[in-house]
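Visitor: My structure is below; once you've seen it, I'll send some questions.
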Amino acid sequence: MTKPLLEIDRFTAQFADRTVVRELSLSVARGERVALVGESGSGKSVTALSILRLVRQAQLSGRVLFDGEDLLTKTEQQMRGIRGADIAMVFQEPMTALNPLYTIGRQIAESLRLHEGLRPGAARARGIELLRRTGIPEPERRIDSYPHQLSGGQRQRAMIAMALACRPRLLLADEPTTALDVTVRQQIVDLLLELQAQEAAARGMAVLLITHDLNLVRRFAQRVAVMERGVLVETNETGALFDAPQHPYTRRLLDSAPRRAIEPVAADARTILDVRALAVDYRTAARGWRAVFGQSAFRAVHDVRLRLRRGETVGIVGESGSGKSTLASAVLGLQQPAAGAIEIDGLPLAALRANAGRRALYGRMQVVFQDPFGSLSPRMTIEQIVGEGLALHRPELARAARRARIAALLEEVGLPADALPRYPHEFSGGQRQRIAIARALAVEPELLVLDEPTSALDVSIQKQVLTLLTNLQARYRLSYLFITHDLAVMRAMAHRVIVMQAGRVVEEGETLQVLHAPSHPYTRALMASSMLTPMREPYERAHD
């Protein structure tokens, strides 16, 4: 039997206060693509970093054999010769993994100089070839770019080029597509598959993919290993695992895909939000002859029209730069329209934005932001965060009544009353997003603007938050303006969908009709890139 390229044997990683990986055994064969799957805190990233001995202040035990040699017994100097040369890593966020002070070419050349002794001219030529091979346009020019001058997809391609510079035998890919748009994500997956096939044929290169994206796993991996709280609970061929998962945790993960359970909108539902011919400009510094006339304007939103009724969810879909978040900012009164009109429940937004109407505006409309870690003040208790809106909009409430209302709101979103004196850092991402929803509900709004509310959450937590939003909508006939790039979430949550590209609406209609039979080429490209799985039967919504 052929010896595995990587063999992890009873590996344990323990920090001072807890064990994050326990007795893990896993092998990766030459030329094989294996996915290590689990939610945040499952230990999968610690496992990947431990292979390269990049985990500090942890006690590691067991064996991590690479080509028969135990990496845990290597000195730091020996590991420097292995990192990048024999084992390379593609990190989750290239903007933080790449050095902002060095050009892309210099960062690629550093590895080639250290491991292969190439001179500057030869390293530059190899770097240009690597950038061309990974699909970066104009590699002769882009090699002199800094990371901030590249798009997210180009930075990830540059990271892959750096990882492959010395033709490693094992590539560790830690959430390589998490922060990317769906079309760019598909391109990166296709690129990894193509490059791995080439390198597997030449050198037997294997890939260990670290991810929580089950659609990515289905498309990329030949074999899947599932981790729960530091323990490997199931390993199987990809098709067999998806068709017949054995462990309860694996079944729960696979059952976490969003399912459509929304109620139909009442025929007589009144219009809550009416956007007519909206245009939004951003002022930019003028250059050239435009400098004579001062600033120039960039139009981020062009002639957008939409209506949102009571109890309805309208989804806004598009990639980064499509204008969907700018549209949301204009609806919230945070961005001055250049043209067009917005009405909230029949009242002009322009009038409501004035100081006298601002309180009435935000009593009708609230927002839940994308990042549950950045949208809550770390200096305020949960009672202060949720009660802030009540203090402004219901100043007549006595302190005891306000506290009782806050406790009731927390209970409604599934949090205990003992959360009141605690701070945001004491809660998980999903719990923080529940706190943000409770804060939004405090003033009893009719409209919630949801800006990527689940994109930072694990799949099982995402399902819980989506179920909560669905239940709240049914109970209070809330209207949602739901912004997302995740078509699976959109399919589950939205009655109607609007597709935006470059600031314009290119397609709109009933959600299932648009997703089933898209008419615009851009929508079809989004669908083709989404790795969307067939929709499962609606589940029963939990009611109190």
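Visitor: Read through the list (1) among the charged types (D, E, K, R); (2) at positive phi; (3) not assigned by TED's automatic domain parsing to the domain that holds residue 33, then give the number of the only condition that residue 175 fails.
Guide: If we test residue 175 against (1) among the charged types (D, E, K, R); (2) at positive phi; (3) not assigned by TED's automatic domain parsing to the domain that holds residue 33, just (3) comes out false.
Visitor: Contact list please: Cβ distance under 7 Å, first residue in the stretch 74-102 and over 19 Å from residue 64 (Cβ atoms), second residue surrounded by fewer than 20 Cβ atoms within 10 Å (Cβ to Cβ) and charged (D, E, K, R), pairs at least six apart or on different chains.
Guide: What qualifies is 92/175.
Visitor: Ok, one more. Is it the case that some residue within the stretch 32-41 is in a loop (DSSP other than H, G, I, E, B), of a type in the set (Gly, Ala, Ser), surrounded by fewer than 22 Cβ atoms within 10 Å (Cβ to Cβ) and over 27 Å from the mean Cα position of the chain (by Cα)?
Guide: Within the stretch 32-41, the subset in a loop (DSSP other than H, G, I, E, B) is 32, 38-41.
From what's left, of a type in the set (Gly, Ala, Ser): 38, 40-41.
After this cut, where a residue has to be surrounded by fewer than 22 Cβ atoms within 10 Å (Cβ to Cβ) as well, the list is 40-41.
Keeping just the survivors that are over 27 Å from the mean Cα position of the chain (by Cα) gives none.
The answer is no, given that none of the residues of the stretch 32-41 is in a loop (DSSP other than H, G, I, E, B), of a type in the set (Gly, Ala, Ser), surrounded by fewer than 22 Cβ atoms within 10 Å (Cβ to Cβ) and over 27 Å from the mean Cα position of the chain (by Cα).
Visitor: Which one of these is surrounded by fewer than 18 Cβ atoms within 10 Å (Cβ to Cβ), in a helix (DSSP H, G or I) and within 22 Å of the chain's Cα centre (by Cα): 475, 524? Give the derivation first.
Guide: On the way: 475 fails: within 22 Å of the chain's Cα centre (by Cα).
Sole residue among the options that is surrounded by fewer than 18 Cβ atoms within 10 Å (Cβ to Cβ), in a helix (DSSP H, G or I) and within 22 Å of the chain's Cα centre (by Cα): 524.
Visitor: Suppose we filter 176, 168, 147 for residues that are more than 22 Å from residue 103 (Cα to Cα), of a type outside the set (S, T, N, Q) and touching a residue at least 40 places away in the same chain (Cβ under 8 Å); which single one remains?
Guide: Numbers: 176 fails: more than 22 Å from residue 103 (Cα to Cα); 147 fails: more than 22 Å from residue 103 (Cα to Cα).
Checking each option against the conditions leaves just 168.
Visitor: Still on this structure, please answer the following. Quick check on this structure: which one of 187, 154 is touching a residue at least 40 places away in the same chain (Cβ under 8 Å) and surrounded by 14 or more Cβ atoms within 10 Å (Cβ to Cβ)?
Guide: On the way: 154 fails: touching a residue at least 40 places away in the same chain (Cβ under 8 Å).
Every option except 187 fails the conditions.
Visitor: Name the one entry in 532, 487 that is crowded, with 21+ Cβ neighbours inside 10 Å, out of contact with any Gly (no Cβ under 6 Å at 6 or more places or on another chain), over 25 Å from residue 277 (Cβ atoms) and at pLDDT below 90. Even if it seems obvious, please write down each step before you answer.
Guide: Numbers: 532 fails: crowded, with 21+ Cβ neighbours inside 10 Å.
Just one listed residue meets the conditions, 487.
Visitor: Does at least one position in the stretch 3-23 carry a residue that is at pLDDT 95 or above and among the aromatic types (Phe, Trp, Tyr)?
Guide: Yes, the conditions are met somewhere in the stretch 3-23.
Visitor: Pull up the stretch 266-318, narrow it to residues that are assigned to a loop (DSSP other than H, G, I, E, B) and surrounded by 17 or more Cβ atoms within 10 Å (Cβ to Cβ), then point me to the one that is modelled with the lowest pLDDT.
Guide: Quick first cut of the stretch 266-318, residues assigned to a loop (DSSP other than H, G, I, E, B) only: 266-270, 285-287, 294-295, 310-312, 318.
Now drop any that are not surrounded by 17 or more Cβ atoms within 10 Å (Cβ to Cβ), which leaves 310-312, 318.
Numbers: 310: 96, 311: 96, 312: 97, 318: 89.
Once the filter is applied, the top-ranked residue is 318.
Visitor: Go over the candidates 127, 121, 135 one by one and state the one that is free of Cβ contacts under 8 Å to residues at least 60 places away in the same chain, part of a loop (DSSP other than H, G, I, E, B) and not assigned by TED's automatic domain parsing to the domain that holds residue 180.
Guide: Working: 127 fails: part of a loop (DSSP other than H, G, I, E, B); 121 fails: part of a loop (DSSP other than H, G, I, E, B).
Just one listed residue meets the conditions, 135.
Visitor: Condition check: surrounded by 23 or more Cβ atoms within 10 Å (Cβ to Cβ) and in the same structural domain as residue 88 (by TED's automatic domain parsing). Does residue 227 satisfy that? Give the steps one after another, and end with the answer.
Guide: Values: surrounded by 23 or more Cβ atoms within 10 Å (Cβ to Cβ): yes; in the same structural domain as residue 88 (by TED's automatic domain parsing): yes.
So residue 227 fits the description; yes.
Visitor: Could you list, ordered by first residue, the pairs with Cβ atoms under 7 Å in which the first is in the stretch 241-256 and of a type in the set (A, V, I, L, M) and the second is assigned to a helix (DSSP H, G or I) and surrounded by fewer than 17 Cβ atoms within 10 Å (Cβ to Cβ), at least 6 apart or interchain?
Guide: Close Cβ pairs (under 7 Å, with a partner that is assigned to a helix (DSSP H, G or I) and surrounded by fewer than 17 Cβ atoms within 10 Å (Cβ to Cβ)) amount to 253/460; 254/242.
Visitor: Does residue 24 satisfy the criteria of being buried (at least 22 other Cβ atoms within 10 Å of the Cβ), outside any loop (DSSP other than H, G, I, E, B), touching a Lys or Arg at 6+ places or on another chain (Cβ under 7 Å) and in contact (Cβ under 8 Å) with a residue 12 or more places away in the chain? I'd like the intermediate steps shown before the answer.
Guide: Numbers: buried (at least 22 other Cβ atoms within 10 Å of the Cβ): yes; outside any loop (DSSP other than H, G, I, E, B): yes; touching a Lys or Arg at 6+ places or on another chain (Cβ under 7 Å): no; in contact (Cβ under 8 Å) with a residue 12 or more places away in the chain: yes.
In short, no.
Visitor: Residue 461 is checked against (1) of a type outside the set (Gly, Ala, Ser); (2) over 21 Å from residue 314 (Cβ atoms); (3) surrounded by fewer than 18 Cβ atoms within 10 Å (Cβ to Cβ) and fails just one. What number does that condition carry?
Guide: (3)
The values are calculated or read from the model by the stated rules, or taken from the named source; none is laboratory data. What you see is a predicted model, and the numbers here were worked out from it, not measured in a lab. All Cβ positions, even for glycine, are placed from backbone atoms using ideal geometry, and neighbour counts span all protein chains on display.
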